[in-house]
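Peer 1: Quick one: the structure is below, and I'll ask about it shortly.
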Protein chains: 2
Amino acid sequence: MFKELDPILHSQLRLAVVSLLISVEEAEFTYIKEKTQATSGNLSVQLDKLKQAGYIEVQKSFKNNYPLTVCKITKQGIDAFDKYVSDLKAYLNPK
Amino acid sequence: MFKELDPILHSQLRLAVVSLLISVEEAEFTYIKEKTQATSGNLSVQLDKLKQAGYIEVQKSFKNNYPLTVCKITKQGIDAFDKYVSDLKAYLNPK
DNA sequence: AATATATTGTTTATTTTATAAACTAGTTTA
DNA sequence: TAAACTAGTTTATAAAATAAACAATATATT
C-alpha cells in the first residue's frame, strides 16, 4: 500500500535539486543555490549525497579564475526520481 | 519556485497516516499500524505530533477491556494536506 | 493460583538527517 | 595591502525518525 520512499529523494532540498536538474540537464552550483534558496553549506552537503548515491555527476573546474561546480543528472537519478514520484502517488491520492 | 514543504507532513509515516485518515475519516491505532507497517513506538510518536499540530484528533477509550486509540482527521489536517500536495507539485513536475 | 504470554500502547535512548555556523582558498576592488 | 567578495567545504548543532525498553492490564497455560 504505502511503499518505502527513497530516503535520498525524500528530502526537500535534494528533491528540488533533482527536479531542477531533470529540467535543465546541467546547472552550476550558484544557479541551483539561487533557485532552491538553499545555503551554500547545505547545498554542498546535499549535492555530495546525491553524487554518492549516483544520482548526479559533479564536474569541478574554473571559470573566470573562480571555482565552478557543474551538476548533471544521471540515468540512475532520473529513474530514481520517476520511481519516487510513482511511489509517492499512493500517499497523495488517498482512496 | 520551490515552496517550503510543511515539515509536519514531509515525513513518510505522518503523510501516510494523514493520507489514510482522509480516506477513512476514522481509524484505530492498530489499523493504522497495520496499513502503514510502522512500529508502535514510531506511530505513537508521530500520532502525537499530528495531534499537537492540530491535524488529527485522538480519542482514547476501552474496547473489550483493552485500551483503544481512535484517530480522526481535522479540517486543519485536510487543509494542510491539500496545501502540501499542491506545493509538492512544483517538485514533481519539473518544467 | 501463579506464571507466562499477548494486547495496546508510551517513554526514553539512539541513530540519522537537515541545517547553520565557521572556515578555506583564492580573487577582486579600493 | 588591506578589505571585501566569490565559491564553495567542513564541522558543529539542532531536529527528526526510529528502535529498544518499559508499563499496565488482559488472557491463557500449567
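Please treat every number below as a calculation from the coordinates, not as lab data. What you see is a predicted model, and the numbers here were worked out from it, not measured in a lab. Positions of Cβ are backbone-derived with ideal geometry, glycine not excepted, and every protein chain shown enters the neighbour counts.
Okay, residues lined up against (1) out of contact with any helix residue (DSSP H, G or I) (no Cβ under 7 Å at 6 or more places or on another chain); (2) of a type in the set (Lys, Arg); (3) more than 21 Å from B:Tyr91 (Cα to Cα); (4) within 9 Å of DNA strand D (Cβ to nearest atom):
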position: A:Gln37; (1), (2), (3), (4): yes, no, no, no
position: A:Gln46; (1), (2), (3), (4): no, no, no, no
position: A:Lys49; (1), (2), (3), (4): no, yes, no, no
position: A:Ile56; (1), (2), (3), (4): no, no, no, no
position: A:Ser61; (1), (2), (3), (4): yes, no, yes, yes
position: A:Cys71; (1), (2), (3), (4): no, no, no, no
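Peer 1: Output the residues belonging to segment B:1-26 that are away from DNA strand D (no atom under 16 Å from the Cβ) and not small (Gly, Ala, Ser).
Peer 2: Scanning segment B:1-26 gives B:Met1, B:Phe2, B:Lys3, B:Leu21, B:Ile22, B:Val24, B:Glu25, B:Glu26.
Peer 1: Sort out which residues of segment A:1-15 are more than 6 Å from DNA strand C (Cβ to nearest atom) and either in contact with a strand residue (DSSP E or B) (Cβ under 9 Å, 6 or more places away or on another chain) or in a loop (DSSP other than H, G, I, E, B) (or both), and write them in order of number.
Peer 2: Across segment A:1-15, the qualifying residues are A:Met1, A:Phe2, A:Lys3, A:Glu4, A:Leu5, A:Asp6, A:Ile8, A:Leu9, A:His10.
Peer 1: Does any residue of segment A:17-32 turn out to be within 14 Å of another protein chain (Cβ to nearest Cβ) and of a type in the set (Phe, Trp, Tyr)?
Peer 2: Within segment A:17-32, one or more residues are within 14 Å of another protein chain (Cβ to nearest Cβ) and of a type in the set (Phe, Trp, Tyr).
Peer 1: Might you check whether a residue that is within 11 Å of DNA strand D (Cβ to nearest atom) and either closer than 22 Å to B:Glu4 by Cβ or not hydroxyl-bearing (Ser, Thr, Tyr) (or both) occurs anywhere in segment A:79-90?
Peer 2: no
Peer 1: If B:Phe2 satisfies all but one of (1) in contact (Cβ under 8 Å) with a residue 24 or more places away in the chain; (2) crowded, with 17+ Cβ neighbours inside 10 Å; (3) within 13 Å of the chain's Cα centre (by Cα), what's the number of the condition it fails?
Peer 2: (3)
Peer 1: A follow-up question, please. How many residues does segment A:75-88 contain that are at the interface with chain B (Cβ under 9 Å from one of its Cβ atoms), of a type outside the set (A, V, I, L, M) and either surrounded by fewer than 17 Cβ atoms within 10 Å (Cβ to Cβ) or without any contact (Cβ under 8 Å) to a residue 12 or more places away in the chain (or both)?
Peer 2: Adding up the residues that qualify gives 0.
Peer 1: Scan segment B:16-40 for residues that are assigned to a helix (DSSP H, G or I), without any contact (Cβ under 8 Å) to a residue 40 or more places away in the chain and over 20 Å from B:Tyr66 (Cα atoms) and report the count.
Peer 2: Count: 6.
Peer 1: Now, a different point. Provide a single number: the residues in segment A:51-87 that are touching a Cys at 6+ places or on another chain (Cβ under 9 Å), within 15 Å of DNA strand C (Cβ to nearest atom) and farther than 12 Å from A:Ile22 by Cβ.
Peer 2: Residues in segment A:51-87 being touching a Cys at 6+ places or on another chain (Cβ under 9 Å), within 15 Å of DNA strand C (Cβ to nearest atom) and farther than 12 Å from A:Ile22 by Cβ: 1 in total.
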